[in-house]
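Have a look at the structure below, then the notes.
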Amino acid sequence: MTSSAISANELHKSYGDKVVLDGIDLNVPEGTVFALLGPNGAGKTTAVKILSTLITADAGSGKIHVGGHDLATDPQAVRAAIGVTGQFSAVDGLITGEENMLLMADLHHLTRSEGRRIAAELLERFDLTDAAKKPASTYSGGMKRRLDIAMTLVGNPRIIFLDEPTTGLDPRSRHNMWKIIRELVATGVTVLLTTQYLEEADQLADRIAVLNNGKIAAEGTADELKRIVPGGHVRLRFTDPTAYRNAADTLTDATRDDEALSLQILSDGSQRELRILLAQLDTAGIEADELTVHTPDLDDVFFALTSNDPQPSLPSQAGQSKETAR
């Protein structure tokens with residue numbers, strides 16, 4: 001059984017009358033990516049700050065363990081086991097990329113030779129060797145983010161907190177960052193990621209917790225979360241009005257769109273349900289011109305679970321849908 005890199009029970013945090021975290025539980029297995037997904041103000045950054053010892057949880061919170069260490073009784077051991085890349089870059093633009101790396105090496109009390117060796121290795125790993133002697137202020141956003149993570153890795157942490165690491169990056173830089181994160185996890189590093197990008201959570205995370213109004217609204221794999229939102233369907237389109245009418249008479253439970261000559265049939269999109277539908281059409285001698293399958297995506301989950309309504313209505317479809325042509 002995989003050990004937990006991070007575990008927290010009944011995590012509470014308030015600022016005055018404002019409740020930021022309202023008793024959340026987290027369990028992050030070693031060597032995985034765990035994503036905290038939620039809108040602005042949901043409590044994602046506050047959770048990261050508590051788990052990385054930057055702020056303390058409120059009285060009444062349960063036990064918190066990070067890297068096998070009790071955060072309340074041994075915060076120094078926790079700090080030695082983790083790396084943190086916050087929303088805002090820790091890069092000093094007035095000095096070079098190499099000097100930023102060597103500064104981190106000094107903070108980790110590495111010898112001069114060891115610091116230079118690790119700095120050179122990480123700069124090469126993150127494709128920053130050519131820019132190493134240039135002031136960090138001249139770096140692009142993607143380069144600064146890569147340097148930021150490289151600085152985080154100087155201490156060889158086994159657990160890394162990435163707080164919205166790709167905010168503001170262009171699509172190419174974002175995909176490069178995803179590649180870096182996957183490579184880190186492949187070496188056994190555990191990543192707790194906060195993000196507002198639904199695609200990012202879908203692409204990277206082994207498990208996702210949707211945080212809303214200080215509570216975890218749902219948690220699971222991306223596929224598990226998608227299954228909690230109904231609204232899957234198959235859509236058939238026709239160009240021949242006669243074929244359309246015959247299909248509508250055969251598929252009596254379908255929702256009709258007479259103007260578009262299309263039928264919508266509730267379905268989870270599984271192979272079994274598609275076989276049954278196609279068998280019905282074959283038996284009736286009906287051939288659709290186009291078949292598309294819609295399955296709920298993380299957009300649907302996000303909008304359903306983070307509604308301002310304190311009790312979002314999951315049976316109704318929320319957000320935009322994705323359709324796959326068949």
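Output the Kirkwood hydrodynamic radius of the range 1-52, Cα pairs only, in Å rounded to one decimal. Could the numbers behind the result be given before it?
Numbers: mean 1/r = 0.0832 Å⁻¹.
Result for the range 1-52, one decimal place: 12.0 Å.
If you take the Cα atoms of the range 48-95, find Rg, then find the Kirkwood Rh from the mean of 1/r over all pairs, what is Rg/Rh? It would help to have the intermediate numbers written out before the result.
Numbers: Rg = 13.0 Å, Rh = 12.1 Å.
My calculation puts Rg/Rh at 1.08.
Compute the FRET efficiency between Ala59 and Leu107 as 1/(1 + (r/R0)^6), taking r as their Cβ-Cβ distance and R0 = 30 Å, and round to the nearest 0.05.
Once the sixth-power term is evaluated, E becomes 0.40.
Note down the net charge around Gly62, summing +1 for each Lys or Arg and -1 for each Asp or Glu among other residues with Cβ under 14 Å from its Cβ.
-3
What would the Debye formula give as log10 I(q)/I(0) at q = 0.10, 0.12, 0.14 Å⁻¹ for the alpha-carbon point model of the chain, no solvent?
Log-scaled intensity ratios, in q order: -0.70, -0.88, -1.06.
For the range 111-123, just list the computed ³J(HN,Hα) in residue order, Karplus coefficients 6.51, -1.76 and 1.60, θ = phi - 60°, integers in Hz, with x standing in for Gly and Pro.
5, 4, 5, 5, x, 5, 5, 5, 4, 5, 4, 6, 4
Among Val191, Val84, Val19, what is the fewest-to-most ranking by other Cβ atoms within 10 Å?
The most exposed by this proxy come first: Val19, Val84, Val191.
Pop the C-beta distance of Arg237 and Trp178 into the FRET formula with R0 = 45 Å and round what comes out to the nearest 0.05.
Computed FRET efficiency for Arg237 and Trp178: 0.80.
Please list, in order, the residues from the range 227-243 whose amide nitrogen is less than 20 Å from a point placed 7 Å along the Cα→Cβ vector of Ser270.
227-235
May I have the extent of the alpha carbons of the range 196-286 along their three principal axes, as whole Å values ordered from largest to smallest?
Per principal axis, max minus min of the Cα coordinates gives 53, 27, 21 Å.
When the label point is put 7 Å from the Cα of Asn40 along its Cα-to-beta-carbon vector, which residues of the range 86-109 have a backbone N closer than 20 Å?
From the range 86-109, the list is 86-89.
Determine Rg/Rh for the range 63-195; Rg is computed over alpha-carbon atoms and Rh is the Kirkwood hydrodynamic estimate from the same atoms.
Rounded to two decimals, Rg/Rh equals 0.97.
Under 12 Å from the 7 Å Cα→Cβ point of Leu94, by amide nitrogen: which residues of the range 117-138?
Residues passing the 12 Å test: none.
None of the figures in this text is laboratory data; all of them are computed from the coordinates on show. This one's a predicted model, so the numbers in the text were calculated from it and none came from an experiment. Please note: Cβ atoms are built from the backbone with ideal geometry, for glycine as well, and neighbour counts cover all protein chains shown.
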